Amino acid sequence: CMTIVDDDMQVLRPAARPDLATGQIADLCGVPQSLTTRTMDVLIVGAGPAGLAAAEVLAAAGAKVTVIDERPSAGGQYFKQPSTRSATERVSGDEQALSGAALIGQVRDHGVTFLSATVVWGAARDDDGSLIIACYGSGHAFYCKPKILIIATGAYERPTPVRGWTLPGAMTTGAAQTLLRSYGTVPGRRVVIAGNGPLNMQVANELRKA
């Protein structure tokens, strides 16, 4: 879930779905029949380094570009931008965050449209063969009809399930980086990092400096 919790929100646990074996049928949301459609030359799914670089080049060449990302701010995992004051203070002067902010600014200067906190939930071909991408963001579902679609969703962590992997304090490298870079929160003072990949080395260095 990427929804940011506000003070006015009430967070509740959803009721369990009825057991279909009992003959009860769960109330499902109806599929909307009429949705707003947005058109653009290029739709880029993913606002990380690759998506931003593609957006900058294409927009500079005169294309009408829209970038969609499920997170509230652009940058992706590598150029992750701080979202709180404490996080901003913690990454102050950080070359990685500053480079990301500069790239995001350059892309915006080219007139690229950003649709943050927006997810893509479907894709198909329309009757005329054109692409139609189903999206949801800001409480509304809508369609995007680009001439060109670029998928730049980056890498996804795929942790191996082991005993205890869902216990408090056990997390992936990406989760630790999100806590540090986006929210300025140190996940712990006594940390064991399993693995020797490049991102593990980076998060180890960031934890040491924190």
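A few remarks follow.
- Single match in ARG190, ARG125 (criterion: surrounded by fewer than 14 Cβ atoms within 10 Å (Cβ to Cβ) and either among the acidic types (Asp, Glu) or closer than 21 Å to LYS64 by Cα (or both)): ARG125
- Just one of the numbered conditions (1) over 23 Å from the mean Cα position of the chain (by Cα); (2) modelled with pLDDT under 90; (3) not hydroxyl-bearing (Ser, Thr, Tyr) is not true of ARG125: (2).
- Qualifying helices (runs of 4 or more DSSP H) (wholly inside the range 41-110; at least 2 residues being within 22 Å of ILE148 (Cβ to Cβ) and in contact (Cβ under 8 Å) with a residue 24 or more places away in the chain): 49-60, 95-109
- Residue in the range 175-184 that is hydroxyl-bearing (Ser, Thr, Tyr) and in a loop (DSSP other than H, G, I, E, B) present: no
- Which numbered condition TYR183 misses (of (1) crowded, with 16+ Cβ neighbours inside 10 Å; (2) within 16 Å of the chain's Cα centre (by Cα); (3) over 25 Å from ILE44 (Cβ atoms)): (1)
- Test: PHE114 is surrounded by 15 or more Cβ atoms within 10 Å (Cβ to Cβ), aromatic (Phe, Trp, Tyr) and in contact with a helix residue (DSSP H, G or I) (Cβ under 8 Å, 6 or more places away or on another chain): yes
- Flag if GLU157 is crowded, with 16+ Cβ neighbours inside 10 Å and either part of a loop (DSSP other than H, G, I, E, B) or of a type in the set (Asp, Glu) (or both): no
The values are calculated or read from the model by the stated rules, or taken from the named source; none is laboratory data. All figures in this text were calculated on a predicted structure; none of them were measured in a lab. Counting neighbours? That spans all protein chains shown, and the Cβs are built from the backbone with ideal geometry, glycine included.
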